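The values are calculated or read from the model by the stated rules, or taken from the named source; none is laboratory data. Since the structure is predicted, the reported quantities are computational estimates derived from the model, not experimental observations. Here the Cβ positions follow ideal geometry from the backbone for every residue, glycine too, while neighbour counts run over all protein chains shown.
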Amino acid sequence: MGAAFFGLFFSPQARQQIADWFLDGRISFLWIGVLITVLALVFAICFGMMQRGGYIRFKGRGFSLDEALVRSALLEFWSEELPEESIPTEIYCSKGKIEIITEDLKEDLDEIEGRLGFFLAKNLGYERDFFITLSRH
């Protein structure tokens with residue numbers, strides 16, 4: 001529409017012809033309104049489709065944990081964060097889950113789980129369930 005009116009500025013003959021159409025009643029204002037409304041809807045739909053985000057979703061089949069890496073990270077955590085506790089006797093990584101077997105703990109198990117969960121998420125990016133099994137010898 002802007003380009004059409006810009007063109008009319010430079011063409012006095014076309015301007016006169018359009019003015020005559022309006023004055024003679026050869027053009028129905030209803031059809032002009034319908035045309036402008038349809039164009040506006042088409043543009044709105046096109047712009048809406050352009051603004052939709054394109055997403056690609058991958059379904060993962062799980063991941064594997066390097067048991068040696070997990071073991072060294074957990075032993076480091078245990079020695080730095082829980083020096084008064086006995087070091088875990090076994091650490092298993094199976095089917096994307098971590099199991100830690102240790103002897104009786106002196107500290108509160110919930111607090112240890114919270115600190116350990118934060119450590120695993122921060123250092124290994126592991127945010128799944130893990131298990132702490134207490135054994136008595």
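A quick yes/no check of all residues on (1) at negative phi; (2) part of a loop (DSSP other than H, G, I, E, B); (3) among the polar types (S, T, N, Q); (4) modelled with pLDDT of 80 or more:
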| site | (1), (2), (3), (4) |
| --- | --- |
| 98 | yes, no, no, yes |
| 101 | yes, no, no, yes |
| 107 | yes, yes, no, no |
| 110 | yes, no, no, no |
| 128 | yes, yes, no, no |
| 131 | yes, no, no, no |
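The residue of the stretch 117-137 that is nearest to residue 74 (Cα to Cα), among those that are in contact with an Asp or Glu (Cβ under 8 Å, 6 or more places away or on another chain) and aliphatic (A, V, I, L, M), is 120. List pairs: first in the stretch 100-125 and farther than 14 Å from residue 82 by Cβ, second assigned to a loop (DSSP other than H, G, I, E, B) and of a type in the set (Gly, Ala, Ser), Cβ under 6 Å, 6+ apart or cross-chain? If the second residue must be assigned to a loop (DSSP other than H, G, I, E, B) and of a type in the set (Gly, Ala, Ser), no pairs are left. In the stretch 86-95, of all residues being touching a residue at least 24 places away in the same chain (Cβ under 8 Å) and more than 16 Å from residue 68 (Cβ to Cβ), the one that is surrounded by the fewest Cβ atoms within 10 Å (Cβ to Cβ) corresponds to 95. Scanning the stretch 17-37 for residues that are more than 44 Å from the chain's Cα centre (by Cα) and surrounded by 10 or more Cβ atoms within 10 Å (Cβ to Cβ) yields 17, 18, 19, 20, 21, 22, 27, 32.
Quick grid of which residues meet (1) in the same structural domain as residue 115 (by TED's automatic domain parsing); (2) under 24 Å from residue 111 (Cβ atoms); (3) modelled with pLDDT of 80 or more:
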{"position": "58", "(1), (2), (3)": "no, no, no"}
{"position": "61", "(1), (2), (3)": "no, no, no"}
{"position": "79", "(1), (2), (3)": "yes, yes, yes"}
{"position": "88", "(1), (2), (3)": "yes, yes, no"}
{"position": "95", "(1), (2), (3)": "yes, no, no"}
